[in-house]
Amino acid sequence: MRTISMFMNVTVNGYFEGEKHDLSFFKGDDEDNTFFREQSKGGGTLLFGHRTYEMMKGFWPTAQAKEAKPEIAEFMNAMPKIVAAHKPFEPGWSKVTVISGDVIAEVRKLKEQAGSNIVILGSNVLCVSLLPEGLIDEIQLMVNPVAIAGGTPLFSGLKKRIDFQVTKTREFKSGSTLLSYVPKVDD
């Protein structure tokens, strides 16, 4: 069985994106990039919601991405990617599988298969639908040392309470803190 983890950058006041989907609050530095490279060495599969996928596809295959962050661009372009969408569409990027229809059932099938682990990057709407179904095994939040005036709160739209247990923390020189959690299982 595969595990599914999610990774999300957030502000200290709980936003994963600013107004109009602005992500400029996340600066990243060499230490953050090294962490990302270390985490991605094991391979795996990336899982995105459709909107996040379109953002990723709009940047990582470009010459600008290859120049600005060559190692991450190489990783993003080489990794197998799955996109959860309401309707099938032509992905227009390499190594992409689109799942649609009953996304919960499709993700459950993916999780039950043998294979590499699955990582969700961003994709808050997808995470909000998978969390109550018990389909996310770990949550990693990179808390950035900034508060913004508005945007979309993390897990906006969640319909029920989910408790978590912290498994590890890590502080970065940039002031960011990585918080890792697993959902608590009722005894």
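The values are calculated or read from the model by the stated rules, or taken from the named source; none is laboratory data. All values derive from a computational prediction rather than experimental measurement. We place every Cβ from the backbone using ideal geometry, glycine too, and count neighbours over all the protein chains shown. Just the protein is used for accessible areas: all its heavy atoms, side chains included, with ligands, DNA and RNA removed. Shrake-Rupley method; radii C 1.70, N 1.55, O 1.52, S 1.80 Å.
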Revision key, fill the gap. Filtering region 91-118 down to residues that are open to solvent by 60 Å² or more (accessible area, probe 1.4 Å), farther than 14 Å from Ser129 by Cβ and either outside any loop (DSSP other than H, G, I, E, B) or of a type in the set (Lys, Arg) (or both) yields Lys95, Thr97, Lys109, Glu112
Point to revise | Count of region 121-139 residues which are at pLDDT 95 or above, outside any helix (DSSP H, G or I) and in contact with a helix residue (DSSP H, G or I) (Cβ under 9 Å, 6 or more places away or on another chain) | key: 4
Exercise for review: Kindly check whether there is at least one residue in region 40-50 that is farther than 30 Å from Asp102 by Cβ and either part of a loop (DSSP other than H, G, I, E, B) or at pLDDT 70 or above (or both).
Suggested key: yes
Review point. Any idea which residue in region 123-161 is farthest from Phe25 (Cα to Cα), counting only those that are loosely packed, with under 14 Cβ neighbours inside 10 Å and among the aliphatic types (A, V, I, L, M)?
Key: Ala149
Point to revise | Pick from region 163-174, criterion surrounded by 14 or more Cβ atoms within 10 Å (Cβ to Cβ) and in contact with a helix residue (DSSP H, G or I) (Cβ under 9 Å, 6 or more places away or on another chain), ranking: modelled with the highest pLDDT | key: Phe172
Review point. Under 7 Å by Cβ, and 6 or more places apart or on different chains, what pairs join a residue from region 61-75 that is under 18 Å from Val96 (Cβ atoms) with one that is modelled with pLDDT under 90?
Key: Ala65/Ala73; Ile72/Asn33; Ile72/Phe36; Phe75/Ser40
Check your understanding: Can you tell me which residues in region 42-70 are over 24 Å from Ile4 (Cβ atoms) and open to solvent by 40 Å² or more (accessible area, probe 1.4 Å)?
Key -> Gly58, Pro61, Thr62, Ala63, Gln64, Lys66, Glu67, Ala68, Lys69, Pro70
